[in-house]
Amino acid sequence: MNQPVSSETYAAQVRRLAELTARVQGQRAEAHAWYEQQCAAAERAVAEATERVARAERDLVDAREAQERVDAEAAHLWQQLRDRLGPGARRLGAPPGPAPGATGDPALLLDGVRELLDRTRRPGDLPGSVNPLLALCGVLGAALAYGLGVAARAVGERNGGDLAVGMPVLALVVTLLGPLVGLVPAKRLADRRHAVLGPRPMTVVLAAGLVTTVLLLVAGR
């Protein structure tokens, strides 16, 4: 037969059950709190990862656009260089790719290349070594004008009349303009050397033409 449970034993068991229930509820609350913390941390981690992925995608798009701009500018500058070199640019081939291990802002490098091309595009003065050629241009221009003047006077003398009066005047004007005629071949010489016909080269041409004109007029008297 079962022995009756004393009131003290029953009360102790109730207290023990209450303690166990409270402990379980506390552990359950801790588990819920821990779970909520983990979920919140996981959500924050997912949000941060999503933001990093979105930022990386934006950076990738920006990098691709920058690369396309750099490639287009590099190809444009390369074509300018080929145009500058003319037929000799065939050996250059296609534009070079990025140098391995290259550092620095490509925009700054392209600006440097663009500035260098701009400086080389500006023509300079003809060097002093071409002064003999410039003088020859002046001499030939003056001689040609003097020859045209002689021909004009001969036409006037041969035909007489008004031509005999007007052609000598025209011949004198053409002869006096002889020093300027030499500027035409001198300009072509400067263009072939990608230079400008500045004051010094013009002075050489005009001086040689003027001396030649004076000598021819003196000799033709």
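The values are calculated or read from the model by the stated rules, or taken from the named source; none is laboratory data. Not measured: the values here are computed from a predicted model. Because the Cβ atoms are built from the backbone with ideal geometry, glycine has one as well, and the counts that use them run over all protein chains shown. Remember, those area values only see protein heavy atoms, side chains included, never the ligands or the DNA or RNA. Shrake-Rupley method; radii C 1.70, N 1.55, O 1.52, S 1.80 Å.
Some observations on this one:
- Wholly within segment 124-221, helices (runs of 4 or more DSSP H) carrying at least 3 residues that are open to solvent by less than 20 Å² (accessible area, probe 1.4 Å): 131-159, 199-219
- Restricting the first member to segment 68-95 and to residues that are more than 20 Å from R192 (Cβ to Cβ), and the second to residues that are at pLDDT 80 or above and open to solvent by 70 Å² or more (accessible area, probe 1.4 Å), no beta-carbon pair is closer than 8 Å while six or more apart or on different chains.
- Restricting segment 108-119 to residues that are exposed (fewer than 13 other Cβ atoms within 10 Å of the Cβ) and modelled with pLDDT under 75, the residue that is farthest from V70 (Cα to Cα): R119
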